[in-house]
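First the structure, in the form of structure tokens, and then the observations on it.
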Amino acid sequence: MALIINHNMMAMNAARNLGVSYGRLENSVRKLSSGLRISTAADDAAGLAIRELMRADIASLNQGVRNASDAISMIQTADGALQIIDEKLIRMKELAEQAATGTYNSDQRLMIESEYQAMASEITRIANSTDFNSVHLLNGNLSSSVHNGEGLESTGKMKIHFGAGNDCSEDYYYIQIGTATASALGVGNQSVEDDGFSISTQAAAQRALEALNQAIISKDKIRAHLGALQNRLENTISNLQAQAENIQAAESRISDVDVATEMTEFVRNQVLSQAGIAMLSQANSLPQMALQLIGG
């Protein structure tokens with residue numbers, strides 16, 4: 001090879017190789033410091049697209065778990081109120097049984113009737129006042145079989161959304177809660193004049209016993225429906241958590257750096273960079289040989 005001054009090809013070659021090694025070293029440092037195999041689109045464009053879709057699904061599924069948990073809290077609120085209504089209905093049946101016997105006179109039955117109607121009024125008050133996050137649960141607002149979510153406030157049965165999409169068979173279902181006011185249960189003077197309207201007479205009290213049985217059954221049907229929904233939501237949460245965990249594992253395999261492998265690459269690039277710096281220093285000193293010839 002000719003000894004020249006204008007172009008130091010060995011230094012240029014060493015500088016180019018040093019730049020490549022230093023760039024790889026920089027990538028290794030970025031990956032090791034961030035813990036990510038893909039930190040920019042340039043690292044893996046296709047992998048980045050897949051990872052971001054997975055992250056969106058994971059975020060949606062985790063929010064779905066919270067949505068389902070909120071629905072369980074709402075159901076428990078409604079069931080707690082129905083438990084109190086259950087106690088009132090049992091007391092009303094006890095009062096009806098008391099008024100149905102012939103050992104009480106009319107004045108005494110009117111006293112019993114007063115408590116009977118007070119219990120009915122309390123049932124209605126509980127049903128009208130029980131709410132979760134300002135959504136009334138037992139006053140009939142959620143009893144409709146039709147859901148309309150187009151307005152600022154949804155009407156009808158409640159839509160519980162937990163999936164990452166909007167498929168009715170996979171991503172949501174509805175919660176419908178029957179009305180639990182005294183009139184809807186058919187007891188007390190707020191209802192139409194049916195068998196549970198009053199216990200002011202012996203005959204009326206005797207008829208009210210069957211009406212109260214039906215009221216208790218109606219209330220129990222609501223509670224049983226809510227219990228089944230709670231069990232379903234708990235199963236849904238378990239499934240969503242499993243999905244989120246598995247997608248997170250897949251996203252990790254795509255996105256996260258293998259520290260052992262990347263550390264090996266880091267050491268290799270570090271050695272190459274150090275060797276490149278040493279060789280560039282040597283190559284830069286070679287033109288001085290030509291000066292020795294000129295000086296000689």
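The values are calculated or read from the model by the stated rules, or taken from the named source; none is laboratory data. This one's a predicted model, so the numbers in the text were calculated from it and none came from an experiment. For neighbour counting, all protein chains shown are included, and Cβ atoms are generated from backbone atoms with ideal geometry for every residue, glycine included.
What the table below lists for this structure:
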| quantity | calculated |
| --- | --- |
| One residue from ILE217, ILE199, ILE222 being among the aliphatic types (A, V, I, L, M) and surrounded by fewer than 17 Cβ atoms within 10 Å (Cβ to Cβ) | ILE217 |
| SER273 being of a type in the set (S, T, N, Q) and surrounded by 14 or more Cβ atoms within 10 Å (Cβ to Cβ) | yes |
| Residue, modelled with the lowest pLDDT, within segment 257-270, restricted to residues that are loosely packed, with under 15 Cβ neighbours inside 10 Å and not small (Gly, Ala, Ser) | ASP258 |
| Failed criterion for ALA41 (all others in (1) assigned to a helix (DSSP H, G or I); (2) under 41 Å from the mean Cα position of the chain (by Cα); (3) more than 30 Å from GLU234 (Cβ to Cβ) hold) | (1) |
| Residue count for segment 45-75, restricted to those that are within 21 Å of VAL257 (Cα to Cα) and either free of Cβ contacts under 8 Å to residues at least 60 places away in the same chain or in contact with a strand residue (DSSP E or B) (Cβ under 6 Å, 6 or more places away or on another chain) (or both) | 6 |
| Any helices (runs of 4 or more DSSP H) falling wholly within segment 185-296 and containing at least 2 residues that are outside the structural domain of ARG30 (by TED's automatic domain parsing), over 30 Å from MET92 (Cβ atoms) and in contact (Cβ under 8 Å) with a residue 60 or more places away in the chain | 202-255 |
| Pairs, first polar (S, T, N, Q) in segment 151-164, second surrounded by 14 or more Cβ atoms within 10 Å (Cβ to Cβ), C-beta under 7 Å, six or more apart | SER154/HIS147 |
| Any hit, segment 143-156, residues being in a loop (DSSP other than H, G, I, E, B), hydrophobic (A, V, I, L, M, F, W, C), crowded, with 17+ Cβ neighbours inside 10 Å and under 24 Å from the mean Cα position of the chain (by Cα) | no |
| Candidate set: segment 107-117, residues that are in contact (Cβ under 8 Å) with a residue 12 or more places away in the chain and within 9 Å of SER200 (Cα to Cα); chosen: the one surrounded by the most Cβ atoms within 10 Å (Cβ to Cβ) | ARG109 |
| From ARG253, ARG207, residue being over 30 Å from LYS31 (Cα atoms) and basic (Lys, Arg) | ARG207 |
| Out of ALA180, ALA127, ALA120, sole residue that is hydrophobic (A, V, I, L, M, F, W, C), crowded, with 20+ Cβ neighbours inside 10 Å and touching a Gly at 6+ places or on another chain (Cβ under 6 Å) | ALA120 |
| Residue check, LEU138 touching a His at 6+ places or on another chain (Cβ under 9 Å), in contact (Cβ under 8 Å) with a residue 24 or more places away in the chain, over 30 Å from ALA244 (Cα atoms) and not in a helix (DSSP H, G or I) | no |
| Only one of SER134, SER144 that is out of contact with any strand residue (DSSP E or B) (no Cβ under 9 Å at 6 or more places or on another chain) and at pLDDT 90 or above | SER134 |
| Selection within segment 163-219 - farther than 27 Å from THR236 by Cα and among the charged types (D, E, K, R) | GLU193, ASP194, ASP195, ARG207, GLU210 |
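The rows are residues; the columns are (1) among the aromatic types (Phe, Trp, Tyr); (2) under 30 Å from ALA244 (Cα atoms); (3) touching a Lys or Arg at 6+ places or on another chain (Cβ under 6 Å).
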| site | (1), (2), (3) |
| --- | --- |
| ASP57 | no, yes, no |
| ILE75 | no, yes, no |
| GLY80 | no, no, no |
| ALA96 | no, no, no |
| MET119 | no, no, yes |
| ILE126 | no, no, no |
| THR155 | no, no, no |
| LYS159 | no, yes, no |
| PHE162 | yes, yes, no |
